[in-house]
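Visitor: Pasting a structure below so you can have a look.
The values are calculated or read from the model by the stated rules, or taken from the named source; none is laboratory data. What you are looking at is a predicted structure, and each value in this text was computed from that prediction instead of being measured. Neighbour counts run over all protein chains shown; Cβ positions are idealised from the backbone, glycine included. For the accessible areas, the whole protein counts, side chains as well, though only heavy atoms, and no ligand, DNA or RNA atoms are used. Shrake-Rupley method; radii C 1.70, N 1.55, O 1.52, S 1.80 Å.
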Amino acid sequence: MKAILIKEPHKIVVTDIEMEQLKSEKDVLIKVKAGGICGSDMHGYHGTSPFINYPVVPGHEFAGLVTEVGEAVKNIKVGDHVSVDPVISCGECYACKNGRYNVCSDLKVRGVHVDGGFKEYVSIPEKACHKINENIPWEVACLVEPFTIASQSLSRGGINKNDIVYIAGAGAIGLTILLTAKSEGATVIISDISDAKLERAKAVGADYTINSLNTSLEAFIEEHEAIDGFTLALDAVGHPSIIESILPSMLPTGRVVLLGFLKAPSNLIQMEVTKKELDIKGSRLSCNKFSIVIDCIEQGLFNPKKIISHTFEYTKVEEAINLLINRPDECCKVILNFETEA
Ligand SMILES: [Zn+2]
Ligand SMILES: [Zn+2]
């Protein structure tokens, strides 16, 4: 069978590997149908992820058809459509015992620490597989994972319909947060430095857009009488200056959620946090969000298709990567189609 393999940084190939077999009686074998390329796959390609051991099969956003089930599998049967949670946790550490397995001390992520789903068949434990209605297209089914990231970050921030939500960054993650926040009824303001990305955000449903190259948050609030500050802010960029710029624009009791992974320090003004009793929280991967997101998609509360900018056959993965590198403004979510035979 075929697999996409990052052999070493900057070297990605489609190659023949041994046919995947069921790895445990608790596993199901999935014929992968579609996958989404994510920022962390790009870090894997560029060699900028501290977690990857090469060679690695990338891909943590994927969905497929169940073709075989192990003897101990109870709730999934051959023919089911499933979307896969990429998180692998130990079940025994403090976080796991408190139900927060997404920040397990021994966390592993499929497609990062261990091989992921960008191959024709993959064996996955039943508990990581989430059934999705067969009338949902594969390119949507594979996007459940990025929408769980949005759901996690908004639940960390305690979203409600009265929130004035500010999202820094109108890339794929920013737009999944935007769509999810709009489905909750909140007012959403989103910023970026790319007008093309802001145009897409507007089309997806943003109430206001800010180009941070020419408008500060203070200036935006000054110009808009209806907005006197933000109650919930999410940093989907991860630059150290972002949280510094957000704090003065937060209203009392506001919540700030960080999704970035940069090591560079930020200069926070303590008084902004204390005098307004702001909550600053991190959000990583997702915890028990797959069934919630699948419900929303099946009910049509938001349409993940809106974030798809391009679709490639998986054999053309290198073309897809080059597009993401060379024309980032034109890209949002890029999908790999695994349905055709290589
Ligand atoms: Zn992702
Ligand atoms: Zn654990």
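Visitor: Once you have the Cα-Cα distance between Ala203 and His10, take 0.36 nm times their residue separation minus that, and quote the gain in nm to one decimal. Show your work: numbers first, answer last.
Guide: Details: separation 193, 0.36 × 193 = 69.48 nm, distance 3.38 nm.
Taking Ala203 through His10 to full extension adds about 66.1 nm, to one decimal.
Visitor: In what sequence, largest accessible area first, do Tyr94, Tyr314 appear using a 1.4 Å probe? Don't skip to the answer; put the middle values down first.
Guide: Values: Tyr94 180, Tyr314 5 Å².
Solvent-accessible surface, decreasing: Tyr94, Tyr314.
Visitor: Here is a follow-up. Per the 1.4 Å probe, what fraction of the accessible area of the range 133-245, in percent, lies on carbon and sulfur atoms?
Guide: Values: 2000 of 4320 Å².
Exposed carbon and sulfur together represent 46 percent of the surface.
Visitor: Which of these, Thr67, Thr48, Thr311, has the largest mean-square fluctuation under a Gaussian network model of the chain (Cα springs below 10 Å)?
Guide: Evaluated over the chain, the most mobile residue of the options is Thr48.
Visitor: Continuing with this model, one more query. In whole Hz and in residue order, list the ³J(HN,Hα) couplings for the range 55-60 that follow from phi through the Karplus curve 6.51 cos²θ - 1.76 cosθ + 1.60, θ = phi - 60°; x for Gly and Pro.
Guide: Whole-Hz 3J(HN,Hα) from phi for the range 55-60: x, 9, 7, x, x, 10.
Visitor: Residues of the range 17-39 with the amide nitrogen closer than 19 Å to a label point 7 Å from the Cα of Lys77, along Cα-to-Cβ, please.
Guide: Counting only backbone N, you get 26-31.
Visitor: Determine the relative contact order of the range 148-282: mean sequence separation of Cα pairs under 8 Å and six or more apart, normalised by residue count, in whole percent.
Guide: So the answer I get is 23 percent.
Visitor: Between Cys93 and Asp228, what length comes free when the chain is fully extended (0.36 nm per residue of separation minus the Cα-Cα distance, one decimal in nm)? Spell out each step's value before the answer.
Guide: On the way: separation 135, 0.36 × 135 = 48.60 nm, distance 4.27 nm.
Length gained, Cys93 through Asp228: 44.3 nm.
Visitor: What's the percent breakdown of Cα-Cα distances in the chain across 20 Å bins, shortest bin first?
Guide: 31, 58, 12, 0
Visitor: Work out from phi, with θ = phi - 60° and the Karplus expression 6.51 cos²θ - 1.76 cosθ + 1.60, the ³J(HN,Hα) of each residue of the range 93-109, listed in order in whole Hz, and give x for Gly and Pro.
Guide: Per residue, the Karplus-derived 3J(HN,Hα) values read 6, 4, 4, 4, 5, 9, x, 10, 5, 5, 10, 3, 5, 10, 4, 10, 10 Hz.
Visitor: Ile280's amide H: which non-local residues (gap 5+, or another chain) put their own amide H closer than 5 Å, with H modeled 1.01 Å from N in plane and none for Pro or chain starts?
Guide: So Ile280 has HN proximity to Val256.
Visitor: What do you get for trypsin sites (Lys or Arg not before Pro) in the range 180-279 restricted to DSSP loop and a cutoff of at most 16 other Cβ within 10 Å of the site's Cβ?
Guide: Numbers: sites: Lys182, Lys197, Arg200, Lys202, Arg255, Lys263, Lys275, Lys276; in loops: Lys263, Lys276.
Filter output for the range 180-279: Lys263, Lys276.
Visitor: Follow-up question, since we're still on this one. Under a 1.4 Å probe, what is the accessible area of the range 148-282 per residue, stated in Å²?
Guide: Result: 46 Å² of accessible area for each residue.
Visitor: Just to confirm the filter: which GluC sites (Glu not before Pro) across the range 1-100 are DSSP coil and have at most 12 other Cβ within 10 angstrom of their Cβ?
Guide: Filter output for the range 1-100: Glu18, Glu25, Glu71, Glu92.
Visitor: Quick check on the range 166-244: take the gyration tensor over C-alpha atoms, sort the square-rooted eigenvalues as a ≥ b ≥ c, and tell me if it's rounded (a/c under 1.5), prolate or oblate.
Guide: The shape class here is rounded.
Visitor: Further question: Quick check on the range 49-126: take the gyration tensor over C-alpha atoms, sort the square-rooted eigenvalues as a ≥ b ≥ c, and tell me if it's rounded (a/c under 1.5), prolate or oblate.
Guide: On the way: a/c = 2.53, a/b = 1.24, b/c = 2.04.
Here the range 49-126 falls in the oblate category.
Visitor: Here is a further query. Using DSSP to define loop residues, name the trypsin sites (Lys or Arg not before Pro) in the range 65-139 whose beta-carbon has at most 10 other beta-carbon atoms within 10 Å.
Guide: When the trypsin sites (Lys or Arg not before Pro) of the range 65-139 are filtered for loop state and at most 10 Cβ neighbours within 10 Å, Lys74 remain.
Visitor: Rounded to whole Hz and in sequence order, give me ³J(HN,Hα) for the range 116-129 from the Karplus expression 6.51 cos²θ - 1.76 cosθ + 1.60, θ = phi - 60°, writing x for Gly and Pro.
Guide: x, x, 7, 8, 5, 10, 9, 9, 9, x, 3, 5, 8, 9
Visitor: How much length is gained if the chain between Lys131 and Val273 is pulled fully straight, taking 0.36 nm per residue apart and subtracting their Cα-Cα distance, in nm to one decimal?
Guide: 47.0 nm
Visitor: Can you pull a Stokes-Einstein diffusion coefficient for the range 148-282 at 10 °C (1.306 mPa s), Rh from Kirkwood over Cα pairs, as a whole number of µm²/s?
Guide: For these conditions, the coefficient is 109 µm²/s.
Visitor: In nm, to one decimal, how far is the Asp106 label point from the Arg327 one, both placed 7 Å along Cα→Cβ?
Guide: 4.6
Visitor: Under the definition of Cα pairs under 8 Å and six or more residues apart, what whole-number percent is the relative contact order of the chain? Write out the running numbers ahead of the final one.
Guide: Numbers: 770 pairs, mean separation 59.3, N = 342.
Over the chain, the number comes to 17 percent.
Visitor: Further question: Give Lys77/Lys182; Lys7/Lys33; Lys23/Lys305 a once-over and call out the pairs whose C-alpha atoms are over 25 Å from each other.
Guide: Where the Cα-Cα span goes over 25 Å, the pairs concerned are Lys77/Lys182; Lys23/Lys305.
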